Amino acid sequence: MPFVITDPCVGTKDTACVDVCPVDCIHPRKDEEEFEAATILYVHPEECIDCGACVPACPVTAIYDSVEAVPESQAMFIEANEVYRLGEPETMEQAEAIVKAHIEAHGDLLAIDLHTVNFAKEYWDNVFEHFLAEYKSGRTPNPDVLCNREIKFKAFLDYAHTLGADLIATGHYVQKEETRFETYLLKGKDSNKDQSYFLCEVNENCLHNSLFPIGDLTKSEVRKIAARLNFSTHNKKDSTGICFIGERKFKDFLERYIPAHPGDIEDSDGQSLGRHNGLMYYTYGQRQGLGIGGLKNYSESAWYVLGKDLERNVLVVGQGNENNDLYSRKLTAAQPKWINAEAPKLPLHCSAKIRYRQSDQSCAVKQLPNNQIEVCFDDPQRAVTPGQYVVFYQGDRCLGGAIIEKHLR
C-alpha cells in the first residue's frame, strides 16, 4: 500500500486530502454513505496513482507516503489501514490488526495487556454448522443468540478464567440484577439498543461472572464518553451484520457453503408467477428481491413471502402488507432455555418478542410434549419466522427464549 493514514486522522473535520485527490482514491468520499460515520479515511491501493497530493494537504500530518516514513508510535496502522478498507475482517490476522490498532493507540489510557485467542473451531462446531443446517432446511436462523451462548459467554469466559480473571466485561446494552442467590438479566437503558434478546440463552452463572458497564447508558452517552477520552471509535458506524460474518453481501456469502436450488414462485392458489434463486435466500414476510412485479391480471400491490413448500421447492407469495396469511396468533417453539435455574412455571402470562427491537407483545405460554411450548399472543403477529427466537419477558427482566418451529393461525 503506497500511502498510510494514521490515528491523527480520527475525528478530524478538515478532509482536504479527499478534496485534492485527483482520482478519488481516498475513501469514504463525501458522496459515499459511510462518510459521515467514518472513524478514519483509507487509501484504496488499486486506485491510488502515487501523486502525493494528499500528504501536504492533510492538516494533521496523518498521511505518510511510505511505510518507512510512518513513526513508530503509529506503526500499528501500517497493517490496519488495509483492514479499514475491507470493512469487515476476513481473517484472524486482519481482525487482530484492527484490535491492536485501537488498543495500542490508547494503550496508556487503557493500561491493559492484550491477549488474542482464536475461537474459529468453537464457532464452526457450535454456531456455524447449525447456521448452515437451518438454511439448508429452509429456515432463517439467528446465529447471534448461539454466538453469545457458545462463544462470548462460554468459550471466551472459560479462556478468561485460565488467565486468572474472575469476571469478563462486554459491550452489550443489557443490565443485570443480583440478589443473594440469583442473577437476573435486564433490558438495557437504551431501548433502541437493548440487546437482551440476543442474550436470552446465557444462563445466570455466566451472567454472574460478567459485567455490562454500558448497559445503564444510552448509545449517545457512550459516544460522548469515548469522544471525551479521545477514543478513535467514538464515531464508528454501528455494526449491523450477522455475528462474526458482518455486512458482506449475504447471498454471495451463503452460496459459498450451500448450493442453490432455483424453483418456482407460486401464489396461494398454485399459480406460477416466476422463478426463485433458492429457498434459502428468502424469509417470511420478505418483500424485496422477488422480481415478480407488474404481473398481468394482478393488482399493483406489493408481493410478500408467505411460505415455503420444501418438498416441491416452491416459494409461496401473496399480495398486500395486510394479507391474512402474513399474520398468526400462535406459534410453537422448541428447546426453551430459561436463564435462571428456577424456571418459570407454565402456563405463564408474560410478554414476548419474535424479533429484535420488536415492542413487547402480551402472550400466554404453555407446555407441549417433546420439550416444546406453545405461545398464544393477544394480538396477531406478522411474519412469524421458523428458526428465529421467541424471547420472553416480565417487565424489564428477560426470562429466556426458544427457537420458533412454526406459526399457527
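Side notes on the structure shown:
- Note on Asp360 and Glu47: with the Förster distance fixed at 56 Å, the Cβ-Cβ geometry gives a FRET efficiency of about 0.70.
- Here is the P(r) of region 360-409: all C-alpha pair distances, binned every 5 Å from 0, give 5, 17, 32, 30, 13, 3 in whole percents.
- Residues Phe181, Phe250, arranged from fewest to most other Cβ atoms within 10 angstrom of their Cβ, appear as Phe181, Phe250.
- Label-reachable residues, region 395-409, where backbone N falls under 18 Å from a point 7 Å from Tyr327's Cα toward its Cβ: 407-409
- ³J(HN,Hα) computed for each position of region 181-189 - Karplus, 6.51 cos²θ - 1.76 cosθ + 1.60, integer Hz, glycine/proline x: 10, 9, 10, 10, 8, 10, 4, x, 4
- Equivalent-ellipsoid semi-axes of region 274-409, from the Cα gyration tensor, Å, largest first: 32, 15, 12
- The count of lysine pairs in region 152-224 whose Cα atoms are under 17 Å apart, excluding pairs fewer than 8 places apart on the same chain, comes to 9.
- Leu229 versus Asn209: modelled label distance in nm, points set 7 Å from Cα along the beta carbon direction: 2.4
- Whole-angstrom gap from region 353-409 to region 166-184, using each part's C-alpha centre: 24
- Distances between placed amide hydrogens fall under 5 Å for Lys176 paired with Leu186, all partners being 5 or more residues away or on another chain.
- Label zone of Arg275 (point 7 Å out along Cα→Cβ, amide N under 19 Å): in region 289-304 this covers 289-296.
- R0 of 35 Å, Cβ-Cβ distance Val55-Phe250: FRET efficiency to nearest 0.05: 0.35
- Rounded FRET efficiency, nearest 0.05, which uses the C-beta distance separating Glu221 from Cys376 and R0 of 30 Å: 0.20
- Rounded to the nearest angstrom and listed largest first, the equivalent-ellipsoid semi-axes of region 250-348 from its Cα gyration tensor are 32, 20, 12.
- The mean of 1/r over all distinct Cα pairs in region 134-198, once inverted, gives the Kirkwood hydrodynamic radius of 13.9 Å.
- Size check on region 120-228: the Cα extents along the three principal axes, sorted descending, read 45, 33, 30 Å.
Laboratory data are not the source of any read-out in this text; all were calculated from the coordinates shown. The structure displayed is predicted, hence computed values, not measured ones. Cβ coordinates were reconstructed from backbone atoms using ideal geometry, including for glycine residues, and neighbour counts include every protein chain displayed.
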